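*Asks:* Have a look at this one.
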Amino acid sequence: MSPSTLKKALVHTYMTLFTLPIIAMIVWYFLSATMNFTTGQFTMDNFSFFKEPVEYAGVKLPLIWPIVLNTIMYSLLIVAIEVAISVPTAYAFSRLDFKGKRAAMKFLFLMRSFPGVTLIIATFFILVQMHLVNTYLGVLLVAITGSLPGRVYIMKGFFDEVPWDIEWAAMVDGCTRFTAFKKVLVPYVLPGIGAIAVFSFLGAYGEWFLFKLLIFNDDMLTLAGYLSKLITKENQIINYGLITAIGLFYTLPIVVFYIFTQKIFMKVNLGGAKQV
């Protein structure tokens, strides 16, 4: 066996072993949701949440489809805002010289150093004073503030990799700085834009803590928050079959999404991240 063949075999073996827990989790979700382990019968009763609100042991939750719409709209809004802010900000840090640039970069790095949970009490009181508790705007502000520094650093790495000569040539040919940015630089950093869009979407799709803390209306929940509501005050899962059925519905789109976007993650590791 040649060294290259051996290397490929080892890589495939490693990746197979790495994905086995994920496969086992999805299989267990399916079995727990569809099998009655007492009688051994196959049942789809746990998937009744598709057509009616969830009511079990005192827990009442709305029909899941408006929650799915909330999740999609919230995730897409997070993606749009973070991309719209992080791309021009990263361009400024990478290409422009301005007073306070070094201090601003250090401040961004400092913001990345603090776990969001350490600031959550102060954040909550600030939102109370601003009357933004139990609003999507409050959740959006906190979520974007916490994740934006990382997105800017990733995009800055991609801008740093674009040669200055390309931008200068465009400006010599008559392009303004904005036109050169839009028509020359942006096509070069599209993999980075795709990467931060994927990161933002996955982060927003899995957000539950901020909704549990700041949202009190069940109709405003996302899927992750919807799942967290299926836990009693004693932190006991009230219905394993129901929660695994909803968990399967929640997990499969992410698995499919990751399969189709994994090349973008690889571009981040090989490209922008090395500049962070």
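The values are calculated or read from the model by the stated rules, or taken from the named source; none is laboratory data. Bear in mind that the values here come from a model prediction, so they are computed numbers and not experimental data. A quick note on method: Cβ atoms are made from the backbone with ideal geometry, for glycine too, and the neighbour counts reach across all protein chains shown. Please note that ligands, DNA and RNA were not included when accessible areas were found on the heavy atoms of the full protein model with its side chains. Shrake-Rupley method; radii C 1.70, N 1.55, O 1.52, S 1.80 Å.
*Asks:* Any idea how many residues of the stretch 158-180 are more than 29 Å from residue 253 (Cβ to Cβ) and either open to solvent by less than 30 Å² (accessible area, probe 1.4 Å) or not hydrophobic (A, V, I, L, M, F, W, C) (or both)?
*Replies:* Matching residues across the stretch 158-180 total 14.
*Asks:* Quick one: would you say residue 141 is open to solvent by 40 Å² or more (accessible area, probe 1.4 Å), in a helix (DSSP H, G or I) and either on the phi > 0 side of the Ramachandran plot or modelled with pLDDT under 85 (or both)?
*Replies:* For residue 141, the condition - open to solvent by 40 Å² or more (accessible area, probe 1.4 Å), in a helix (DSSP H, G or I) and either on the phi > 0 side of the Ramachandran plot or modelled with pLDDT under 85 (or both) - is not met.
*Asks:* Go over the candidates 174, 241, 192 one by one and state the one that is under 17 Å from the mean Cα position of the chain (by Cα) and not charged (D, E, K, R).
*Replies:* Checking each option against the conditions leaves just 192.
*Asks:* Suppose we filter the stretch 6-39 for residues that are over 25 Å from the mean Cα position of the chain (by Cα) and either in the same structural domain as residue 230 (by the TED database) or surrounded by 10 or more Cβ atoms within 10 Å (Cβ to Cβ) (or both); how many remain?
*Replies:* Counting residues in the stretch 6-39 that are over 25 Å from the mean Cα position of the chain (by Cα) and either in the same structural domain as residue 230 (by the TED database) or surrounded by 10 or more Cβ atoms within 10 Å (Cβ to Cβ) (or both) gives 16.
*Asks:* When you go through 125, 98, 114 one by one, which is the residue that is among the aromatic types (Phe, Trp, Tyr), farther than 30 Å from residue 189 by Cα and exposed (fewer than 12 other Cβ atoms within 10 Å of the Cβ)?
*Replies:* 125
*Asks:* Also: It is to be established whether one or more residues within the stretch 123-140 are small (Gly, Ala, Ser) and closer than 23 Å to residue 206 by Cβ.
*Replies:* Scanning the stretch 123-140 turns up at least one residue that is small (Gly, Ala, Ser) and closer than 23 Å to residue 206 by Cβ.
*Asks:* What number of residues within the stretch 48-84 satisfy the criterion of being in a strand (DSSP E or B) and open to solvent by 70 Å² or more (accessible area, probe 1.4 Å)?
*Replies:* 3
*Asks:* Is there a residue being in the same structural domain as residue 228 (by the TED database) and over 30 Å from residue 71 (Cβ atoms) anywhere in the stretch 124-133?
*Replies:* No, the stretch 124-133 has no match at all.
*Asks:* Counting only residues that are modelled with pLDDT under 85, open to solvent by less than 70 Å² (accessible area, probe 1.4 Å) and in contact with a Leu (Cβ under 8 Å, 6 or more places away or on another chain), how many does the stretch 216-242 have?
*Replies:* 5
*Asks:* Here's a follow-up. Pull up the stretch 184-215, narrow it to residues that are open to solvent by 10 Å² or more (accessible area, probe 1.4 Å), assigned to a helix (DSSP H, G or I) and small (Gly, Ala, Ser), then point me to the one that is modelled with the lowest pLDDT.
*Replies:* That would be 194.
*Asks:* Does the stretch 30-46 contain at least one residue that is in contact with a Pro (Cβ under 7 Å, 6 or more places away or on another chain) and assigned to a helix (DSSP H, G or I)?
*Replies:* no
This table checks each residue for (1) in contact (Cβ under 8 Å) with a residue 60 or more places away in the chain; (2) under 30 Å from residue 109 (Cβ atoms).
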| site | (1), (2) |
| --- | --- |
| 140 | yes, yes |
| 146 | no, yes |
| 150 | no, yes |
| 155 | yes, yes |
| 165 | no, yes |
| 173 | no, no |
| 223 | yes, no |
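*Asks:* What about residue 96, is it in the same structural domain as residue 198 (by the TED database), out of contact with any strand residue (DSSP E or B) (no Cβ under 6 Å at 6 or more places or on another chain) and under 14 Å from residue 214 (Cβ atoms)?
*Replies:* Considered against the rule, which asks whether it is in the same structural domain as residue 198 (by the TED database), out of contact with any strand residue (DSSP E or B) (no Cβ under 6 Å at 6 or more places or on another chain) and under 14 Å from residue 214 (Cβ atoms), residue 96 comes out as no.
*Asks:* Among all residue pairs at least 6 apart or on different chains, which show Cβ distances below 9 Å where the first residue, located in the stretch 204-221, is in the same structural domain as residue 253 (by the TED database) and the second is of a type in the set (A, V, I, L, M) and open to solvent by 50 Å² or more (accessible area, probe 1.4 Å)?
*Replies:* 204/76; 204/77; 205/72; 209/117
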